[in-house]
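The block underneath contains the structure these notes are about, expressed in structure tokens.
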Amino acid sequence: MRFSGGTPAGAGDASRVPERRALRPGRGGQPRPLHESLSGILESLGLAPGLEDARLFEDWEALVGPEIARVARPHRLDGSVLVVHVRSSAWMTELSMRRNDILVRVNGPRKCRKVTQLVLRVGSDERE
């Protein structure tokens with residue numbers, strides 16, 4: 001079958017062109033990075049605090065630096081209280097003096113729940 005000039009049936013008929021859906025208010029029509037969308041979804045589902053808590057354990061070395069990470073590991077997070085196991089009493093004394101700096105570093109990327117108290121214990125990283 002050959003096309004012989006003119007307009008194909010329905011091609012010039014504006015009533016047959018599907019309408020574009022209106023953009024939702026507040027979106028601006030611009031694409032967003034996937035991590036921004038996921039953050040919003042996690043927040044709306046109430047999962048953002050749990051994800052932040054998991055990241056604290058996962059990103060410990062990046063948060064506190066390799067020197068501290070070699071001698072101290074996060075053990076448990078109870079609400080806003082972070083329990084950290086430290087290799088020795090000497091390091092526990094050292095980290096006690098750095099407590100405020102550690103809290104600032106740990107809370108830097110957190111948006112949901114801030115860590116307000118740091119409990120240091122001499123012991124291994126094994127779960128109780």
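Summary value for the stretch 34-122: 29 percent relative contact order, contacts being C-alpha pairs under 8 angstrom separated by 6+ residues.
Values of log10 I(q)/I(0) for the stretch 55-128 across q = 0.19, 0.28 Å⁻¹ run -0.70, -1.63, by the Debye formula with one identical scatterer at each alpha carbon and no solvent.
Read-outs: derived from the displayed coordinates by stated rules, not from any lab. As the structure is a prediction and not an experimental result, all values here were calculated from the model.
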